[in-house]
Amino acid sequence: MTATIDAGLRWEPACTVDRLMPERGVAVLLGEQQVAVFLTHDGAVHAIGNIDPFSGAAVLSRGLVGDRAGVATVASPVYKQVFDLQTGRCLDEPTVSVPVYAVRARGGTIQIGLP
Amino acid sequence: MTSELVVVGNGMVGHRLVSALLDRDTTHAWRITVLGEEERPAYDRVALSSYVDGTTAEQLTLPERTDPRLRTWLGDPVVELDRAARSVRTASGRVLRYDALVLATGSFPFVPPVPGRDLPGCFVYRTLDDLDAIMEAAEASIAEPRPGRRSAVVVGGGLLGLEAARALRSLGLSPQVVEIAPRLMPVQVDEGGGALLRRLVESSELAVRCGVSVAGISQERGRLVAALSDGIELDADVVVFSAGIRPADALARAAGLPVGERGGVLVDARCRTQDPNVWAIGECAALEGRTYGLVAPGYAMAEVVADRLLDGSATMTPAELDMSTQLKMLGVDVASFGDAHATTPGALEVVVNDPVAGTYAKLVVSDDAQTLLGGVLVGDASKYATLRPLVGAPLPADPVAMIAPGGVEIGADALPGTAQICSCNAVTKDAVCAAIHDGAHDVPALKACTAAGTSCGSCVPVLKKLLAQAGVEQSTALCEHFAHSRAELFEIVAGTGITTFSELVERHGTGRGCDICKPAVASILASLGNGHVLAGEQAALQDTNDAFLANLQRNGTYSVVPRIPGGEVTPDGLITIGEVARDFGLYTKITGGQRIDMFGARVEQLPAIWRRLVDAGFESGHAYGKALRTVKSCVGTTWCRFGVQDSVGLAVALELRYRGLRAPHKIKSGVSGCARECAEARSKDFGVIATENGWNLYVGGNGGFTPRHAELLASDLDTDTLIAVIDRFLMFYIRTADRLQRTASWIEAMEGGLDHLRAVVVEDSLGICADLEAAMDAHVGNYADEWRGVLEDEEKLARFVSFVNAPDTPDPTISFVTERGQPVPVPIGLPAVRS
Ligand SMILES: Cc1cc2nc3c(=O)[nH]c(=O)nc-3n(C[C@H](O)[C@H](O)[C@H](O)COP(=O)(O)OP(=O)(O)OC[C@H]3O[C@@H](n4cnc5c(N)ncnc54)[C@H](O)[C@@H]3O)c2cc1C
Ligand code: SF4
């Protein structure tokens, strides 16, 4: 597959849109990087780093998606810390965060923007 | 310009300094190197004793920071301080230059110079490594084939000595505490309290000898003998010295820095030593000549130094040197706070001593009886949390009434705004009230935003009072998305016939759910029989264990447990499991529930592993679910000379009947073939023990954090009646228990307790037994193996991939090393750098 360059980001294809299930995540491998992609209830797609900073395990894509006070979140399946899907910030330990990736759907494909 | 800060000691206080500095150093003025003697990341030493009760080292670990400004070198103590060169040298020979040096080396246990103190079997009680060694020695002595109790001698009857003795008792030894002073906890407790304390301690199976010292330890016939000053000799398998601590000030002494009269690196109110580039904090520091053996003053010192390093002007205040303490020992309540020994000139003491109730309370007040100065509570320390913050404040009521049984209840409103609610983290009432005002409406939220209650936890009752006073109701709401308890949600789902989370949250809740309510609703839906747990929308409700029908382990791999009903397995079955484990490179271990756990399976391997297991006739063991786990059994009449019933046959029948049953928490069971109880049935949620006439049914047992013995619910039942009563018991539990409530606490919280439970499920007092039995029959009828369900469904199988764009590429962060001939995970991505 080929990557498209746009607004300084390199858009890598991740998967087809139909592989995303509402309120669940999938893991995507882009070179060395592991990205967790989620589809929320409102149809929005979010992409954050897949590595849980508290355990070091690459598992955030397997966490439970939900919301805290209206903010879309995922809870790490290891020690259950909750992360804001928009900002990557850990809501239980605000000094910790995970990377956030640009993500979009193009022609039925989910693409992730890498710097 | 970035300056170099070197912190010597990675204990509680050093850790606090580093966190405080990282948080506040917004201009990146400092680069921090921490040098620690212990191999482990910093941990909660205050909670050390909980380690013997099963709290893991990971759970005790203090939050680890990853930050480019921080490096941590563990297992490499500093051996020399060269102040002229501004450098330190470590045992491994590293030399580090510093602009500022902080000594946070804590204390070491004092061991009196008695002969034999170095013999194998003698220990101190300070670090996790000490506890590992003690636990190993205790286990080894218990394993020795000789009759009689194993015993331990604890030298020192202070706070730590009593904690150590309690820990030794938990490890199965009979401890004797030897205290040189005439009473236990002489530093904290006065004579009156000491007498009662001794009674309470002795009634919790610890023997006490006060007013004698240990003269020497010797070895006889492989055991230790402690000779006491009064001529008595005590046999011991383990000796623990807990006779006080000494500040670890050797580095400073050798570098020519002044130390306090009784040791400790001398520092001023800024926590600075005589050398302007060297600071000392925590237990190793002698603040204006005095050392402090508690964590709260140490934390305050860390905050002062963090501020000073950033050019602030903080100093230590007397209030931060609070020496209040509470004994953390189940069943023995002791607390002392403020000027407990009435040393303030003119201080008056008010004592209420009730030997019948077993309580002793003393308040120390100023000469005009207007101000509270301190106090001692023994037998009932429930007032500690409200009294301690009142030290130094005007008395809100008559002091006798404040401690007399049935006297005035001091509300949180009596506390002045400046009172420290949490002395460990120096949080005032004003700060807590401000946080409540800003929306922290429960204890976890208050902990998160103020840090109050996060260390020793003794202030949590006051936090609750402050919440109540602020009009915040402590609701039974499941989470922010549902105002209902789990039992109420169960009624709603059962009554309305709702089958999806979306519909439930739209009609009865708010938002989109979270990791608390989603699995709880998933469990309710499953208990009510809504098909496969991964069907349709239900898949998105499951915790990762249920979502992948396997148990997530620390490195992101899973463990696999096929069901082995009653622990009975054929040689062919064992061979299949062995072959699968060998072919997929899995680590195998026998579980406590009489089955085999295979660890290290990657998510994309799970279907292939289960294909082999299912083909060989195995089914899911639900080790991943809040569901029935196992029914353990002994061999019973089939083989055993003593058996009176067929325990294996019953265990297999029960396990097959209740397999796949989802519940508020896991359910374990066991069946023993006679009263000798080899299957340990009484440690289970429901346990069955054979009698000459049938079966006795016990309920509400569990192991874990708070072990409980199951209690007798009904006796001499025939097999059919037994199964009917278990059906009703389990269904009643599933319908009415809270989320994550085991049967023991469910019964305890029930009004009327076990008697009420018996009335409902044996005597049918509510007339619901037929209904409960019908619900169980429906479960049994609808059961289908979950793993077979996945293997037969392409859509469900498609979820079992490592990466959606590289389905068979293993997660590159997972790797294994071989230990004792088996693969075990390589620890991944831990922040601390180890040498
Ligand atoms: C069983 C137990 C129960 C306790 N209960 C309570 C309680 O209920 N309430 C309370 O307030 N306090 C309690 N304490 C005391 C509390 O743990 C200490 O006050 C606190 O840990 C002090 O922190 P610190 O950082 O000064 O010392 P420590 O936590 O002891 O840390 C010092 C660290 O420095 C390391 N070190 C020493 N020398 C060197 C060197 N040369 N180079 C590198 N590293 C070095 C040590 O190995 C250690 O890891 C308890 C202690 C114990 C042991
Ligand atoms: S419990 Fe009784 S029947 Fe079962 S193995 Fe032990 S002695 Fe034998």
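The values are calculated or read from the model by the stated rules, or taken from the named source; none is laboratory data. All of these numbers come straight from a predicted model, not from anything done at the bench. In this analysis, Cβ positions are derived from the backbone assuming ideal geometry, glycine residues included, and neighbour counts consider all displayed protein chains. Keep in mind that these areas ignore ligands, DNA and RNA; they rest on the heavy atoms of the full protein, side chains included. Shrake-Rupley method; radii C 1.70, N 1.55, O 1.52, S 1.80 Å.
Tabulated data for the structure shown
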| item | result |
| --- | --- |
| Filter result for the condition that a residue is within 17 Å of B:R223 (Cβ to Cβ) and open to solvent by less than 20 Å² (accessible area, probe 1.4 Å), over B:A143, B:A138, B:A167 | B:A138 |
| Conditions (1) open to solvent by 60 Å² or more (accessible area, probe 1.4 Å); (2) away from chain B (no Cβ under 13 Å): number failed by A:D92 | (2) |
| Residue within the range A:44-54 that is assigned to a strand (DSSP E or B), more than 25 Å from B:A798 (Cβ to Cβ) and within 8 Å of chain B (Cβ to nearest Cβ) present | no |
| Set B:G211, B:G172: member being of a type outside the set (K, R) and touching a Pro at 6+ places or on another chain (Cβ under 7 Å) | B:G211 |
| Count - residues of the range A:3-39 that are at negative phi, surrounded by 19 or more Cβ atoms within 10 Å (Cβ to Cβ) and not in a strand (DSSP E or B) | 1 |
| Residue under evaluation B:G670, criteria (1) under 27 Å from B:I596 (Cβ atoms); (2) in a strand (DSSP E or B); (3) open to solvent by 20 Å² or more (accessible area, probe 1.4 Å); (4) within 16 Å of ligand 2 (Cβ to nearest atom), criterion not met | (3) |
| Test: residue in the range B:254-273 that is free of Cβ contacts under 8 Å to residues at least 12 places away in the same chain and over 35 Å from the mean Cα position of the chain (by Cα) | no |
| Members of the range B:637-677 found to be at positive phi and among the charged types (D, E, K, R), listed by number | B:E677 |
| Test: residue in the range A:40-52 that is within 27 Å of B:Q553 (Cβ to Cβ) and open to solvent by 10 Å² or more (accessible area, probe 1.4 Å) | yes |
| Cβ-Cβ under 8 Å pairs, at least 6 apart or on other chains, the range B:304-329 side crowded, with 19+ Cβ neighbours inside 10 Å, far side part of a loop (DSSP other than H, G, I, E, B) and at pLDDT below 80 | B:E320/B:A426; B:D322/B:S423; B:S324/B:S423; B:Q326/B:C456; B:Q326/B:S458; B:K328/B:C456; B:M329/B:S204 |
| Residue that is farthest from the other protein chains (Cβ to nearest Cβ), among those in the range B:505-527 that are in contact with a Lys or Arg (Cβ under 9 Å, 6 or more places away or on another chain) and open to solvent by 40 Å² or more (accessible area, probe 1.4 Å) | B:I516 |
| Out of B:V644, B:V614, B:V652, sole residue that is open to solvent by less than 50 Å² (accessible area, probe 1.4 Å) and within 9 Å of ligand 2 (Cβ to nearest atom) | B:V644 |
| Conditions (1) more than 24 Å from B:T66 (Cβ to Cβ); (2) in contact with a Lys or Arg (Cβ under 7 Å, 6 or more places away or on another chain); number of the one not met by A:A57 | (1) |
| Any hit, the range B:87-110, residues being under 27 Å from B:V240 (Cα atoms) and in a helix (DSSP H, G or I) | no |
| Some residue of the range B:53-64 being over 21 Å from B:G11 (Cα atoms) and part of a helix (DSSP H, G or I) | yes |
| Any hit, the range A:67-75, residues being in contact with a Ser or Thr (Cβ under 7 Å, 6 or more places away or on another chain) and either at pLDDT below 95 or open to solvent by 40 Å² or more (accessible area, probe 1.4 Å) (or both) | yes |
| The range B:757-808: number of residues that are under 19 Å from B:R563 (Cα atoms) and touching a residue at least 12 places away in the same chain (Cβ under 8 Å) | 12 |
| Hits in the range B:542-561 (condition: more than 20 Å from A:R24 (Cβ to Cβ) and within 8 Å of chain A (Cβ to nearest Cβ)) | B:R554, B:N555 |
| Residue match in the range B:65-74 (condition: without any contact (Cβ under 8 Å) to a residue 40 or more places away in the chain and open to solvent by less than 60 Å² (accessible area, probe 1.4 Å)) | no |
| Every residue from the range B:577-609 that is within 30 Å of B:C634 (Cβ to Cβ), open to solvent by 30 Å² or more (accessible area, probe 1.4 Å) and of a type outside the set (K, R) | B:G578, B:E579, B:Y587, B:T588, B:I590, B:T591, B:G592, B:Q594, B:F599 |
| Of all residues making up the range B:784-813, the number that are among the polar types (S, T, N, Q) and surrounded by fewer than 19 Cβ atoms within 10 Å (Cβ to Cβ) | 2 |
| Members of the range B:1-29 that are open to solvent by less than 30 Å² (accessible area, probe 1.4 Å), modelled with pLDDT of 95 or more and more than 30 Å from the chain's Cα centre (by Cα) | B:L5, B:V6 |
| Test: B:D118 is free of Cβ contacts under 8 Å to residues at least 60 places away in the same chain and within 12 Å of ligand 1 (Cβ to nearest atom) | no |
| The listed residue being more than 16 Å from ligand 2 (Cβ to nearest atom), touching a Phe, Trp or Tyr at 6+ places or on another chain (Cβ under 7 Å) and among the charged types (D, E, K, R), out of B:R40, B:R16, B:R24 | B:R16 |
| Residue list for the range B:659-709, filter: more than 23 Å from B:W639 (Cβ to Cβ) and either aromatic (F, W, Y) or over 22 Å from the mean Cα position of the chain (by Cα) (or both) | B:R659, B:G660, B:L661, B:R662, B:A663, B:F686, B:L697, B:Y698, B:V699, B:F705 |
| Test: B:F482 is away from chain A (no Cβ under 11 Å), buried (at least 19 other Cβ atoms within 10 Å of the Cβ) and of a type in the set (F, W, Y) | yes |
| Residue count, the range B:610-639 (criterion: part of a helix (DSSP H, G or I) and either out of contact with any strand residue (DSSP E or B) (no Cβ under 6 Å at 6 or more places or on another chain) or not aliphatic (A, V, I, L, M) (or both)) | 9 |
| The one condition in (1) in a helix (DSSP H, G or I); (2) open to solvent by less than 30 Å² (accessible area, probe 1.4 Å) that B:S50 fails to fulfil | (2) |
| Elements of type helices (runs of 4 or more DSSP H) contained in the range B:480-548, each with 1 or more residues being over 28 Å from the mean Cα position of the chain (by Cα) | B:486-496, B:501-508, B:517-527 |
| Close pairs from the range B:157-185: first more than 14 Å from every other protein chain (Cβ to nearest Cβ), partner of a type in the set (F, W, Y) and within 14 Å of ligand 1 (Cβ to nearest atom), Cβ under 7 Å, at least 6 apart | B:L160/B:Y125; B:A164/B:Y125 |
